[in-house]
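Just below is one structure, and these are the notes that go with it.
The values are calculated or read from the model by the stated rules, or taken from the named source; none is laboratory data. Given the structure is predicted, the values throughout are model-derived calculations rather than measurements. Here the Cβ is made from the backbone with ideal geometry for all residues, glycine too, and neighbour counts use every protein chain on show. Protein only, heavy atoms only, side chains kept; ligands, DNA and RNA dropped before computing areas. Shrake-Rupley method; radii C 1.70, N 1.55, O 1.52, S 1.80 Å.
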Amino acid sequence: MLGTFITLNIYDSDVDEGIVDNCFELVSQYEKMFSYYDSSSELYQLNQNAYKNPFKVSDEMYDIITESLDYCRKTDGAFDIGLGRLIEIWDKAVISSKPPNSDEISDYIGFKGYEHIVVNGIDKTVYFSDERVSIHLGACAKGFVQDKAVTFLKECGVKSALLDFGGSIYALGTKDSKPFSIGITDPTSESELAGAVQITDLSVVTSGNYRRFFEYNGVVYHHIIDSATAFPSQSDINGVSVICESAFKSDCLSTASFVLGAESAEALLSDENCGYVIITDESVRSNGVIFKNEK
Ligand code: ADP
Ligand code: MG
């Protein structure tokens, strides 16, 4: 689901097993809403219609868009939900394992999609003031839905659980009275760990260049796009993990950090009171989080 594998581990001994099915059902409903390519999704309908006229959206769609726009602004577009059309071009490139021609992407170099997304909170509509805009939630929907799943589990009385949404982890409570220990993959060698963070009631979300990419003429093209160049980001970061109480916030900021590069990412994440582990070729940087480097 949500383009990845989702694993729920619930450690309480006395919960109704139906909770797991209900939680997956919840995730599946959000997937139907936020899917970019599914023509029956709300997001697809929005993208088809919002350029010509303001489009009325559901409360949840309104929330994810407005909350995302805050992070687009805070990161000066390093995270930008308005780059859907450019992402489509790069999605096709992944399928054909060949980068796009420069004329295909030239209109998007330096284009900040989010600046042309206009929201109206009274009637909950969304409008695009530039026809190059479409909304893609690939960098934040997983975190958003994970937070909803956590809320649901808590409402069901769950006290101890680990939710793994493919690279986005949330640790609810403790396990055997201890914080959860979450391994951080070494981006240069996926079978090894760079270390581990100890967390409770926190999310840890990782963006990296080592999972989704293709190679063409010896150049590696991964899946996180820098709108300044309309190309995959060339920052010094190989992997960045962001730790905070909201998986949505961690998801937005890990993507942004990856584009910004280690130095700006450290400043942003400190400002936002997040823990982090940033891995470059030269260094592993981390702050307040309990991070054990196992190398
Ligand atoms: P993952 O999906 O691997 O967990 P991310 O959360 O970093 O990683 O999201 C990457 C996805 O977000 C890409 O596959 C693409 O669909 C979309 N995307 C790529 N670049 C950006 C960007 N600069 N801002 C927002 N979304 C992006
Ligand atoms: Mg993300």
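Evaluated against (1) surrounded by fewer than 20 Cβ atoms within 10 Å (Cβ to Cβ); (2) in contact (Cβ under 8 Å) with a residue 40 or more places away in the chain; (3) under 23 Å from SER28 (Cα atoms), ASP123 falls short on exactly one condition, (3).
All of THR255, THR280 fail the test of being touching an Asp or Glu at 6+ places or on another chain (Cβ under 7 Å), of a type in the set (Val, Ile, Thr) and open to solvent by less than 50 Å² (accessible area, probe 1.4 Å), apart from THR280.
Considered as a group, the residues in the stretch 51-68 that are crowded, with 19+ Cβ neighbours inside 10 Å and assigned to a helix (DSSP H, G or I) include one that is farthest from ligand 1 (Cβ to nearest atom), and that residue is MET61. Candidates are the residues of the stretch 1-43 that are open to solvent by 50 Å² or more (accessible area, probe 1.4 Å) and touching a residue at least 60 places away in the same chain (Cβ under 8 Å); the one that is nearest to the chain's Cα centre (by Cα) is GLY3. Kindly indicate whether ASP107 is in a helix (DSSP H, G or I), open to solvent by less than 70 Å² (accessible area, probe 1.4 Å), out of contact with any Asp or Glu (no Cβ under 7 Å at 6 or more places or on another chain) and free of Cβ contacts under 8 Å to residues at least 40 places away in the same chain. No, not satisfied. Evaluate the stretch 99-113: report whether one residue or more is under 24 Å from MET1 (Cα atoms) and at pLDDT 95 or above. No - not one qualifying residue is present in the stretch 99-113. The number of residues in the stretch 107-158 being on the phi > 0 side of the Ramachandran plot and away from ligand 1 (no atom under 16 Å from the Cβ) comes to 2.
Of all residues in the stretch 238-268, those that are of a type in the set (Ser, Thr, Tyr) and either part of a strand (DSSP E or B) or more than 10 Å from ligand 2 (Cβ to nearest atom) (or both) total 3.
For the stretch 219-234, the condition holds for no residue, the condition being that it is under 19 Å from THR188 (Cα atoms), in contact (Cβ under 8 Å) with a residue 24 or more places away in the chain, crowded, with 24+ Cβ neighbours inside 10 Å and more than 10 Å from ligand 2 (Cβ to nearest atom). All told, GLY113 falls short of being closer than 27 Å to LEU193 by Cα and in contact (Cβ under 8 Å) with a residue 40 or more places away in the chain.
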